[in-house]
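Have a look at the structure below before the remarks.
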Amino acid sequence: MTKIGLEIHCQLTKLKSKLFCSCKADYRGFEPNINICPICVGLPGSLPLLNKKAVEKAAMIAMRLGCKVPPKIGFFRKNYFYPDLPKNFQITQYNVHGPTSIGSEGQILIEDKMIRISRIQIEEDPGRLIYEGDPSKSLTTFVDYNRSGTPLVEIVTEPDFTTPKQVRTFVNILSDLLDNLGVSDTSLEGALRVDANVSIDKGEKVEIKNIGSFRNLEKAIHFELIRQESLAERGMPIPSETRQWDEGRKITISARTKEEEQDYRYFPESDVPHVLIKDQLLEKLKENMPESIISKRERYVEKYGIPNQVAEVLSTDKFYSDLFEKAHNENNAKEIANLITTDLMGLADTKEKRDQLKLKPQHLSDLADAILNNKITRISAKTAIHEIAKTGKPLSEITSELDLGRVDDESSLLNIIDEVFAEEKQAVEDAKQNIETVNYLVGKVMKKTKGKANPSVTLEIIKKKLK
Amino acid sequence: MRLSVSATEYRDQIRNGTVTVEEFVSKTLEKIKKVDEQIHAFITVNDDAINQARNLDKKLKAKEKVGACLGMPISIKDNICTKGIKTTCASKLLQDFVAPYDATVISRLKAEDAIIIGKTNLDEFAMGLTTEFSCYGPTKNPWNIDYVPGGSSGGSAAAVSACESIVSLGSDTGGSVRNPASFCSVFGLKPTYGLVSRYGLVSYANSIEQIGPMARTVEDIAFLMNIIAGQDPNDNTTIDSGAVDYVDDLDVGISGKKIGVVSEMMGEGEQKEVTESTRNAISKLEELGADCEEISISEVLHSVAAYYTLTAAEASSNLARYDNIRYGYDFGVEGFEFNAYISRSRKNFGDEVIRRMLLGTYVLSSGYFGKYYMKAQQVRSLIKTQVERAFQKVDLLISPTVPSMPFKLGEKINDELALFRLDVNTVTANLANIPAISVPFEVKNGLPIGIQLFAGHLQEKLLFQAAHALSKLTKLPESPI
Amino acid sequence: MVTKEEIQRLANLIKIEINETEKYVEQVDKVIRYFDTLDKISSTEEIFSQDLALENLRPDEHIPYKEKLIEKLKNSKGTFVKAPKLI
C-alpha cells in the first residue's frame, strides 16, 4: 500500500522577533546580513533567549491540530555542520525522552480521512546560501544570516496519505488554517515548506526534500510513486534514501549518499530551561484563539443565511474573512459576502494585488448599504469597487465622480426609453409579440445609463409602453 | 604604596586621597611588566588602562559620582568577552577574536568603574587544571615557578597571588576557579549555578559552569558578588536570588553551625600534607564552636566520570561553531570544499580540546548515548539528591580543595587519569549546582594548600561567613614574587 | 576497545582532520574504560532539569542590533559572509 507522510516547516512570520533573539522574524527585504546580532550568528558567549510568543503561537497550532500540549516543554541540540548553520547545531525539540515537544498525537479530518499528526516542534531556521553564477561550478558560496533564527514550527504527520491529491488537499487546508490562526502568512515565499516520505509495499521509505512550491508537491510525489513502482515491477530494490526534487527536469534525484552516515547526537539544550506551561494559561490561549474556519463557515450560514458555497470561500481565506468581519453588520452581511465573493475576488486574488488594494472594510459596508437602500445598482457597485480598489477614495466621492448614482425618476428614464424605442424598432415589435424578449430592451437602457438605471422601474415603464 | 592591598583597603586609600587611581594602576602595570615574563599570567594587557585611570582621577577630583570599584584594577580570564579587547580562550581558533560586546559581569564591573587591567591565561577553552594547555604557553605558580598554578583559571589565580591585579574573575566548570585558588593561595568561589550571568562567557560546558571571583580576602569575594550576582535578561538560566548584601555581617562567626566532613573526599589517595592540613582546619573550626561530623556522599565516587562525560559532550557541541568562517584566523576559503576547509581549520585546536571533543562525540553518538551520557545525567541527579539530603543534616560541608599539593610543570601533563583524580573534590559542587569556596589555609614547603567549604543552594552568605571565620585563624605569607 | 575506525568516524562527525589516529585511539579508549564505571549504576533517578515559567520568557519585540555586526565578521562581496561550498 502507498504510504505518504509529511514534514511541514512553517515560519511564524506574524511574530515580531526571531526565536532566540530580538532581530526581526520576517527577514525579507533586508540587504544581506543586516538583520543579525551576536545570538543569531552564534558569536562566542551569546546565549539563546526564547521568544514567549513563539511558544504561545506554536501551542495554538498544536491545539488546533488536536495535539496534546505537555505541561513542560524542552529543547534539544541537533548537531551537524552546514555552511548556513552558524552554531553548527540547530536548537529544536525532540521526543525520545518523553514528550517534550509543544504538541504530539493530534489529528485532523481531511475529506473524510483522518490524518494523524505525530508531533509538532519549535525550532530555528538556518541562514541562506547564495551562489554566484552556476552553483555547480563555483567553489565558494555566500552566506546571508538574515533568516538565521527565524521561528519555525515543524508539523510531522503519520504516513496516512495514500494519494498525492490527498496531500495537496491537506496542505491547502493546513495553510488556510495557519493563516486563519494569525501565526503565519503562508503566501510568503519560503514560509511553508514541505518534505514528503513516500513508500510502497515492496520498498523502504524515501524522503523527498527541496520541494519548492506546493504546486510541485503533488508532481514530486506522483513522480516518486511511479519511479518506485517501476523499480518494484522490475524486481529491483527500493532503498531508503533522501531524494531532491529537481524543479527543472521535474524528477526526483538521489541526494549524495557520499555524505557519511548522519548521527545528529541530540542532547538537551540547557541554555534554554524547560518551559512550564500552566493549564490556566493554555485555557486562556485557547479562549483567545481566532475562530476556526469551520466555525466561521457555520456561523455565516446559520446567522446570516449566506449560501454554503459563498460561506466556504469567505471562511477559508483569512484575507476575505477579515474584511467581512470588519465590514458587516446583521443587515448587510449577506450583501457584503456577495460583494467580496463576486466583485472583489478578481481584484485580490494574488499577494501583489492584496498589497496594493486600497479598499477598506468601510468601503464595503457603505457599498452594501447603498445597494440595500437602492442608491446604487449592483452593476454600478462593480464599477465602484474597481475604482475604490485603485484609489481608495470614499464611495460618495466615487459615486459623484463617475456619476454612478442610480437613475430612479421616471421622467429621465422615459426620455432614455423613448430613444431606445426609436433606435430599436424591430426589437420593440418582437417584444410586443413575445414579452420574454423584453430583457433586450432593458439591457439597452442599462447600457445607455451605464448601468445606473433602476432595473425594475425600467422594466415597468417599458412594459407600460409596449401595451 | 603597597600593591598587596585588599579591594576594601584600595577603596579606602583612593577615597582618602593617599593614592590616586593612576598611581595604583601604573604601579600595577609596572609589576606586570616585571613579573609576567616569568609567570605569564596575562595573554593581553589593556593598553587603555592608564587613560581610564586618569579619567577617573579627574572625576574624583571634580567630586563627580564614581562607581564602587573606584578604578580598581581587575584581571579577567580570557574566556569572558570584553568589548574592544581580544578574547582568545587561549586558542588559535580565537586568536584574533574581539567580541563586539561585554559579558554581563564586565558591564556590571564597568558600571562600578572597575578597570580591566588585562586578560588572563587559561587552559584552552578552560579545559584543564594546570594552565599548561594554553596555545600561548603555560602560566607558572608565583610561589615557585617550577610548579603549575592549577587551572584552568591559572592566569587569574597567579595574577591575584602576584599582585598583578587586586581581584580577578575566573570560570569554574569542575574546579577551575577553586583549584588554582588553592594552588596559588588565594580565595576562589564557584557560585550557585544561575547566580551569576554567563552571558559573554565562552561556553565550554554550559549546564555546569559559572563565572566566579578570585581575591586575596573573603570580603573582596563578597564585594565582587554584590556587583556581579543577580538575574540577567540576557541569560535565561539566571535565577532570582533576592536582594542579598554579601558583605554585611561577614564576621558573625560559625558558632553552633554544623559542618559535614565529606568522607569520600578525605584520606584515601590524598597527599598526606593535604589531609593533615584539612584535619587541622577542622579542629580549628571546632574551637570556634562549629560542630563537625563525618558525612557520606557516596556518589562522589562516580562524580568525576559523570563530570567528564557531561562536559565532554557539551564541549563537543559548544565548540562546533569554531569553523573559521564568520570569525577566526586568516585562512582563505578559496579552493576548499566545506568539510575539507573546516576540518583543516579545526585541526588547530590543541590536543586536549580535540581529545575531549572526540570523547564527547563518542558518548553522544547513537549506541552509546544511553550507556554514558544518560547514566552520567542520572549520576548528576543522584549527587544532587544526596547533597540536598546532606544539607538537611548540616549547614556546610568541608574537604580539601585539591587532594594534592601543587606539582611541577609537565609532571602530569600526559597522565589524563591522574589529572582526573585531582578534580574529585571540586566537581561535586558543579554537578549539584551549589556554591563552594577555596580558602587558603597553609603554606608547606613553600607551597600553598587550600581548604574547600560548600554550602547549600544560594547559601553564599553563610559560605562567606564560614570562610571568613576560617581565614581569620590563619596568617599566611604573601607570595614571594 | 575503541577502534581506529571509530576514532576516524568521530573525527569526521566533528570535522577535525587528525593524523595521529593511534594516539587518540589509546587516549580515548583509556578514558572510555574509566567512564565504564557509570554503566554499573542502576538508577531510575529522574533527570534534573532547570525550569522557567512561560510568563517569564522574553517578550516578542523587534529590537534591531545597535551595530552593523557584519563589519565585525569576516565578510566579502558587499555584506555577505564567504564560505567554502558543500559538495
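The values are calculated or read from the model by the stated rules, or taken from the named source; none is laboratory data. Quantities reported herein were computed from a predicted structural model and do not represent experimental measurements. Here the Cβ is made from the backbone with ideal geometry for all residues, glycine too, and neighbour counts use every protein chain on show. All accessible areas refer to the heavy atoms of the entire protein, side chains included, with ligands and DNA or RNA removed. Shrake-Rupley method; radii C 1.70, N 1.55, O 1.52, S 1.80 Å.
Bin width 10 Å, origin at 0, all Cα-Cα pairs of segment A:313-377: what percent of pairs per bin?
22, 58, 20, 1
Interface size between chain C and chain A, please: total buried accessible area, 1.4 Å probe, rounded to the nearest 100 Å². Don't skip to the answer; put the middle values down first.
On the way: alone 9380 and 24640 Å², together 29830 Å².
Summing both chains' loss of accessible area gives about 4200 Å².
Among the listed pairs A:303/A:326; A:303/A:375; A:3/A:113, which have their C-alpha atoms separated by more than 21 angstrom in this model?
A:303/A:375
In Å and from the alpha-carbon atoms only, list the Rg and Dmax of chain A.
That works out to 29.0, 94 Å for Rg and Dmax.
Given +1 on the Cβ of Lys and Arg, -1 on the Cβ of Asp and Glu, and no further charges, what dipole in debye does chain B carry about its Cα centre, rounded to the nearest 20?
460
At 1.4 Å probe radius, can you tell me the per residue accessible area of the protein assembly as shown in Å²?
39
Over chain B, calculate the relative contact order: mean separation of alpha carbon pairs under 8 Å at least 6 apart, over the residue count, as a percent.
For chain B, the relative contact order is 17 percent.
Setting aside same-chain residues fewer than 8 positions from residue A:278, which aspartates and glutamates have a Cα under 19 Å from its Cα?
Correct list for residue A:278: A:56, A:287, C:51, C:55.
Pairs B:140/C:4; B:33/B:92; B:257/B:472; B:140/B:257; A:296/A:351: which are spaced more than 26 Å apart, C-alpha to C-alpha? Walk me through the numbers on the way to the answer.
Details: B:140/C:4 36 Å; B:33/B:92 24 Å; B:257/B:472 17 Å; B:140/B:257 38 Å; A:296/A:351 23 Å.
Over 26 Å Cα-Cα: B:140/C:4; B:140/B:257.
How long is segment A:291-401 along each principal axis, judged by its Cα atoms, biggest number first, in Å?
41, 33, 19
Going from the alpha-carbon gyration tensor of segment A:197-295, what semi-axes, largest first and in whole Å, does one get by taking the root of 5 times each eigenvalue?
Working from the Cα gyration tensor, I get semi-axes of 38, 22, 14 Å.
Residue A:80 accessible area, nearest 10 Å², 1.4 Å probe?
50
Across segment B:367-373, in residue order, what do the Karplus-derived ³J(HN,Hα) couplings come to in whole Hz, using 6.51 cos²θ - 1.76 cosθ + 1.60 with θ = phi - 60° and x for Gly and Pro?
x, 10, 4, x, 6, 10, 4
Given an 8 Å cut-off on Cα distances and at least 6 residues of separation, report the relative contact order of chain A as a percent.
Computed over chain A, the figure is 14 percent.
At 4 °C and 1.567 mPa s, grab the translational diffusion coefficient of the protein assembly as shown from Stokes-Einstein with a Kirkwood Rh over Cα pairs, rounded to a whole number in µm² per second.
In µm²/s, the coefficient rounds to 40.
Please report the projected area of segment A:410-466's Cα convex hull averaged over all directions, in nm².
3.2
Mind listing the long-range amide H neighbours of residue B:402? Cut-off is under 5 Å, sequence gap 5 or more, other chains count too, H placed in the peptide plane at 1.01 Å from N.
Close amide H contacts, sequence-distant or interchain: B:450.
Go from 0 up to the bin containing the longest alpha carbon distance in segment A:59-157, width 5 Å each, and give me the % of pairs per bin.
3, 13, 17, 17, 14, 12, 10, 7, 6, 2, 0
Along the Cα-to-Cβ line of residue A:292, 7 Å from the Cα, sits a label point; which residues in segment A:59-96 have backbone N less than 14 Å from it?
Those under the cut-off are A:60-68.
What are the ³J(HN,Hα) values, in whole Hz, obtained from phi via the Karplus relation 6.51 cos²θ - 1.76 cosθ + 1.60 with θ = phi - 60°, for each residue of segment B:124-130 in sequence order, with x given for Gly and Pro?
3, 6, 6, 9, x, 9, 9
Taking only the alpha-carbon positions of segment C:1-41 and ignoring solvent, what does the Debye formula give for the base-10 log of I(q)/I(0) at q = 0.19 Å⁻¹?
-0.56
Tell me whether chain C comes out rounded, prolate or oblate; compute the Cα gyration tensor, take square roots of the eigenvalues as a ≥ b ≥ c, and use a/c under 1.5 as the rounded threshold.
On the way: a/c = 4.14, a/b = 1.30, b/c = 3.19.
It is oblate, given that a/c is not under 1.5 and a/b is not larger than b/c.
Would you kindly find the accessible area of residue A:108, with a 1.4 Å probe and non-protein molecules such as ligands, DNA and RNA excluded, rounding to the nearest 10 Å²?
Taking all protein chains as shown, residue A:108 has close to 20 Å².
Any idea of residue C:74's accessible area? Nearest 10 Å², probe 1.4 Å.
Rounded to the nearest 10, the figure is 70 Å².
Compute the distance from the alpha-carbon center of segment B:1-34 to that of segment B:233-289, in whole Å.
With segment B:1-34 and segment B:233-289 each reduced to a Cα centre, they are spaced 31 Å.
P(r) tail for segment B:188-305, what percent of Cα pairs lie past 24 Å?
I get 47 percent for the Cα pairs in segment B:188-305 exceeding 24 Å.
State which entries of B:27/B:110; B:61/B:86; B:86/C:85 exceed 24 angstrom in Cα-Cα distance in the structure shown.
B:61/B:86; B:86/C:85
Identify the GluC sites (Glu not before Pro) of segment A:143-207 meeting these criteria: DSSP loop state and at most 13 other C-beta atoms within 10 Å of the C-beta.
Working: sites: A:154, A:189, A:204, A:207; in loops: A:189, A:204.
When the GluC sites (Glu not before Pro) of segment A:143-207 are filtered for loop state and at most 13 Cβ neighbours within 10 Å, A:189, A:204 remain.
For chain B, what does the equivalent ellipsoid look like in terms of its semi-axes, each the square root of 5 times an eigenvalue of the Cα gyration tensor, given largest first in whole Å?
The answer is 31, 30, 20 Å, longest axis first.
What's the local net charge at residue C:82, with K and R +1, D and E -1, over the other residues with C-beta under 12 Å away?
+1
Please report the buried accessible area for the interface of B with C, total over both chains, probe 1.4 Å, in Å² to the nearest 100.
5100
Size of segment B:284-326 along its principal axes in angstrom, Cα-based, largest extent first?
On the principal axes, segment B:284-326 reaches 60, 23, 9 Å in Cα extent.
Rg to Rh for segment B:1-69: what is it, with Cα atoms only and Rh by Kirkwood?
Details: Rg = 13.0 Å, Rh = 13.1 Å.
My calculation puts Rg/Rh at 1.00.
Which sequence of A:419, B:164 reflects their accessible areas, 1.4 Å probe, from the largest down? Mind dumping the intermediate values first?
On the way: A:419 90, B:164 0 Å².
Per-residue accessible area, sorted high to low, gives A:419, B:164.
Given a 1.4 Å probe and every protein chain left where it sits, what share in percent of the accessible area of the protein assembly as shown is carbon and sulfur?
Of the solvent-accessible surface of the protein assembly as shown, carbon and sulfur hold 49 percent.
Give me P(r) over segment A:63-104, computed from all C-alpha to C-alpha distances, binned every 5 Å, as integer percentages.
Per 5 Å bin, starting at 0, the Cα pair percentages come out as 6, 23, 21, 17, 14, 11, 8, 0.
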